[in-house]
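Only one structure is covered here, and it is reproduced in the block below.
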Amino acid sequence: MDPAIADGLRRRGINVTTTIDAELLAAGDDDHLAFALQEERVIVTHDQDFLRKHQQGIAHPGIAYCHLRSRSVGEIIRSLILIWKILTPEDMQGHVEYL
């Protein structure tokens with residue numbers, strides 16, 4: 001995801017961790033899922049592999065999925081803010097939100 005998305009969310013007081021922050025830039029999907037589960041963080045992604053993991057019933061703390069280049073940075077930020085305001089971590093557990 002574009003780093004501007006994390007910056008935009010942080011400016012609005014939302015606690016965000018990026019793959020760079022977590023030192024997971026070159027890590028595989030399973031490592032990303034393990035980190036997200038441990039830290040109880042929703043995964044925000046363009047990567048359809050995470051949708052396949054969801055369909056396989058693999059545990060995750062929530063996925064916010066946006067098809068690559070289908071939304072502007074501003075649209076993604078607004079959608080994520082809405083999800084953050086409306087859905088609790090419990091609501092997101094094992095759930096996929098499509099942006």
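A few points about this structure:
- The chain - Kirkwood radius from inverse mean 1/r over Cα pairs (Å): 13.6 Å
- Residue order, fewest to most surrounding Cβ atoms within 10 angstrom, among Met92, Met1: Met1, Met92
A short reminder: the numbers here are calculations on the coordinates, not readings from a lab. A quick note: this is a predicted structure, and the numbers were derived from the prediction, not measured. FYI the Cβ positions are ideal-geometry reconstructions off the backbone, even for glycines, and counts take in every protein chain you see.
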